[in-house]
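Enquirer: Before we start, here is the structure in question, set down as C-alpha cells.
None of the figures in this text is laboratory data; all of them are computed from the coordinates on show. As the structure is a computational prediction, the values presented were derived from the model and not from experiment. So basically every Cβ, Gly included, is an ideal-geometry build from the backbone, and we count neighbours across all protein chains shown.
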Amino acid sequence: SRIVTTQPFTDQKPGTSGLRKSVPVFQQPHYLENFVQSIFDSLNGCQGQTLVVGGDGRYFNREAIQVILKMAAANGIGKVKVGQHGILSTPATSCAIRKFHAFGGIILSASHNPGGPNADFGVKYNIGNGGPAPETVTAAIFERTKSIDCYQIIDAPDVDIDTLGTSELGGMVVEVIDAVNDYVDLMQSLFDFDRIQQFLTTDGFRMCIDAMHAVTGPYADQIFQQRLGAPAGTVQNAIPLVDFGGGHPDPNLVYAHDLVEILFGDNAPDFGAAFDGDGDRNMILGRRFFVNPSDSLAILAANATLIPGYKDGLAGIARSMPTSKAADRVAAKLGIDCYETPTGWKFFGNLLDAGKATLCGEESFGTSSNHIREKDGIWAALFWLNILAVRQQSVEQIVQEHWQIYGRNYYSRHDYEAIDSDRAHTLMAGLNELMPTLKGKTFGRYEVEFMDDFSYTDPIDGSVSQNQGLRIGFTDGSRIVCRLSGTGTQGATLRLYLESFEADATKQSLDPQVALQDLIAIAEELAHIRELTGMEKPTVIT
Ligand code: VG1
Ligand code: CO
C-alpha cells in the first residue's frame, strides 16, 4: 500500500446525516480520501473486519466506491460487501450490516439533495448496529480531519462491482452482493404479503409509487410489482439516474409534484407513495389526501398490532423533538413511553438497541422500527398497505377516524432554503435573546409557557446534546420550533415548525395553514423571518 501525504480541509464536519458537499468539493484532490481515512483512523479494531459499502447511485457514486475499496484494502479491512453496481439504499445497508454482523458500513448519499456534476454528494458512516454513527463517533472523525497528514491507498485496477461474486483486492475480499434480496426477505418477514397481494390484485385497489429516479426503483419494482403483483407501471421513475432525472429527490408536496398531480388529479388512485434519494424517507398520499408524516407515525403506532411483525404490540415510541405530539397521544393510550429526541436518526439508535422503542419517526417524512437502525421508506408504504388491506377503508377515512379518537395535532413545517448564512444566524440569535423574557407573555389567545433551547440527555448512555432547536411552548400545548438545517450545502436553511391541538371533531378539517395562522403570525412577529431572510414566503411548506 502507498502512503499519500495530504493537508487537512477545515470543512469536514459531519452534519445531521454525514458529510454533505457539492460534487466539485468532493472532487478536489484528497478531499474524499481525507474524510475516508479519518473514518478508518477513528474506528478501533476495524482491521480484519467486514464493512458494507453502497450508495444511492448518484453522480460520483461509482468513483467514490473504487477509492473506498482501495483505501479499505490499504487500511487492513478484511472484507467489503458492496452492493451490485454500487447501489444500496440506506435501509438496505442497515439491513445488510445487521444481517452479516458487519463492523459497520459506509453509505454514499446526499439523501434528498439533488445529484449531478454540480449538485450534491455525501458520505455517511454507520456503526455495527446498522445505524448512523452517534455524535461521539462523528466528533472523533471531525477531530481527525483537522490534523490528518496522510492516507493509505493501494494501487490497483478498478474492481468489477457489476458482477455478483467474490474477488480479492490487495489481500482484502470484495464481495459484490445483490442489493435487493436481503431487504425484500426482511420486509416479507414483517408484513402479510399474501394479504397485501390479494388486496392489490383483486379488490380494485389502485396505487402509484414514485421512486423519483433514485435508489428505491429496483426495490419498489421487486416488492410491489414482482412479489405483490401490482401492475407494471405502478412504480414510476423507477430507473435510478445519476442526476435523478434533474429532479430533487425529496418526497414532499413541492418536489414530488409528479405524484402529487396524479393523486390530486382526475381519476386519482387510492394510494400513493414516494421515496427520497437514498430510500429512507416516505411520503404517503391517499386519493386527494396528504398524510402528514407526524400523523403517519401516530397512525402506524395505533394500528401496529394489525401487522404480523408487530402483533405483540410496541415497547415504546420515539419521535424527534420537532415532530408533532400526535404519537404521544397514542403512546399514552397504549400505556407505553414516548421519547423525544433531537433531529436526526442517530438519536434513536440507543433506544432501539435497548428495546425501549419499537417505532420511531420524524416530521421530515421519516418512519421506521426496530427491524433496522435507519428510517425506511418502502417499509412505511408496506405498513400502510397492510393496514389498508386489513381495515378495508380509504387512507382518508383511517386518518379522520384517528383524529376523532385521539384529536388532531395541526402541524406544518415552513422551510426557507438556501438563505444567506449570516442572516440566518442573526435571526436565530435574535430569537435566542427573547428567551429570558418571553415566559408569561400573551399573543392573542396564546400565552407563552416556556421558551428554551432543546437539550437532550440520552437515557441509555447519558450523553448530552445541546442547542438542538429553539422551542416556544404555549399553555394550551401549542408550539413554535425554529432550527437551522444540518443537511444543506448552500447557505443556510431555516426550518420553522408549528403545532396546535384540536380535540373537537367538528373542527378538525381545516387547512393546517389556516388552523395555524395565528402561530405563523406570532413566529413572524418574534423572528422577523420575512425581513431577515428577504423572502416573502417559504420555499417548501409541508
Ligand atoms: C433533515 C431532517 C431530519 C433528517 C435529516 C436526514 O435534517 O430535518 O429529520 O433526519 O434531514 O434525513 P436537517 O438538519 O436538514 O433538518 V435524510 O433522508 O437527508 O438522511
Ligand atoms: Co434520505
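Enquirer: Using Cα-Cα distances under 8 Å and only pairs 6 or more residues apart, what relative contact order does the chain have, in percent? Let's see the in-between values first.
Expert: Values: 1230 pairs, mean separation 71.7, N = 542.
That works out to 13 percent.
Enquirer: Please compute the net charge surrounding residue 531, taking Lys and Arg as +1 and Asp and Glu as -1 over other residues with Cβ under 15 Å from its Cβ.
Expert: Computed value for this residue: -2.
Enquirer: Is the C-alpha gyration tensor of region 421-489 telling us rounded, prolate or oblate? Criteria: a/c under 1.5 is rounded; beyond that, a/b larger than b/c is prolate, otherwise oblate. All intermediate terms of the calculation are to be shown ahead of the outcome.
Expert: Numbers: a/c = 2.21, a/b = 1.24, b/c = 1.78.
In terms of gyration-tensor shape, oblate.
Enquirer: Same structure again: Expressed in nm to one decimal, what extension gain is obtained for the pair residue 136 and residue 396 from 0.36 nm per residue of sequence separation less their Cα-Cα distance?
Expert: Values: separation 260, 0.36 × 260 = 93.60 nm, distance 4.23 nm.
Length gained between residue 136 and residue 396: 89.4 nm.
Enquirer: Before rounding to the nearest 500, sum -39500 (n - 2.57) across all DSSP H runs of length at least 4 in the chain and divide by the residue total; then give [θ] at 222 nm in deg cm²/dmol. Kindly include the intermediate steps, with their values, before the conclusion.
Expert: On the way: 18 runs with 169 residues, N = 542.
Mean residue ellipticity at 222 nm (helix-derived): -9000 deg cm²/dmol.
Enquirer: P(r) for region 183-406, please, calculated from all Cα pair distances in 10 Å bins and given in %.
Expert: Bin by bin from 0 Å, the calculated values are 9, 36, 39, 16, 1.
Enquirer: Using a 7 Å offset from the Cα along the Cα-to-Cβ direction at both residue 239 and residue 340, what is the distance between the two label points in nm, to one decimal?
Expert: 4.8 nm
Enquirer: Just tell me which lysines come within less than 26 Å, Cα to Cα, of residue 441; anything on the same chain fewer than 8 places away is out.
Expert: Within reach: 325.
Enquirer: Here's something else I'd like to know. In Å³ and rounded to a whole number, note down the convex hull volume per residue for the Cα atoms of region 408-541. Before the final figure, lay out the partial values.
Expert: Numbers: hull volume 17.7 nm³, N = 134.
Each residue corresponds to 132 Å³ of Cα convex hull volume.
Enquirer: Shifting gears a bit: Most exposed first by the Cβ proxy, i.e. fewest other Cβ within 10 Å, how do 11, 376 rank?
Expert: 11, 376
Enquirer: What ranking, highest mean first, results for peptides 382-390, 177-185, 112-120, 147-155 when packing means the other Cβ atoms within 10 Å averaged over each residue? List each step's numbers first, then the result.
Expert: Numbers: 382-390: 22.9, 177-185: 18.0, 112-120: 21.0, 147-155: 16.1.
Ranking the peptides 382-390, 177-185, 112-120, 147-155 by packing returns 382-390, 112-120, 177-185, 147-155.
Enquirer: Using only Cα atoms, locate the centre of region 84-110 and the centre of region 194-269, then give the distance between them in Å, rounded to an integer.
Expert: Going from one Cα centre to the other spans 23 Å.
Enquirer: Arrange the following residues from fewest to most other Cβ atoms within 10 Å of their Cβ: 35, 474. The partial results should precede the final answer.
Expert: Working: 35 24, 474 20.
Placing the least packed residue first, the sequence is 474, 35.
Enquirer: Report ³J(HN,Hα) in whole Hz for each residue of region 59-65, in order, from the Karplus equation J = 6.51 cos²θ - 1.76 cosθ + 1.60 where θ = phi - 60°; Gly and Pro get x.
Expert: 3, 5, 4, 5, 4, 5, 5
Enquirer: To continue, here is another question. Once you order the gyration tensor axes a ≥ b ≥ c over the Cα atoms, which shape class does the chain get: rounded for a/c under 1.5, otherwise prolate or oblate by comparing a/b with b/c?
Expert: Values: a/c = 1.74, a/b = 1.24, b/c = 1.41.
Oblate, because a/c is 1.5 or more while a/b does not exceed b/c.
Enquirer: Let me ask another. Take every Cα-Cα distance within region 2-179, group them into 10 Å bins from 0 onward, and report for each bin the whole-number percent of pairs it holds.
Expert: Calculated over all Cα pairs of region 2-179, the distribution is 11, 43, 40, 7 percent.
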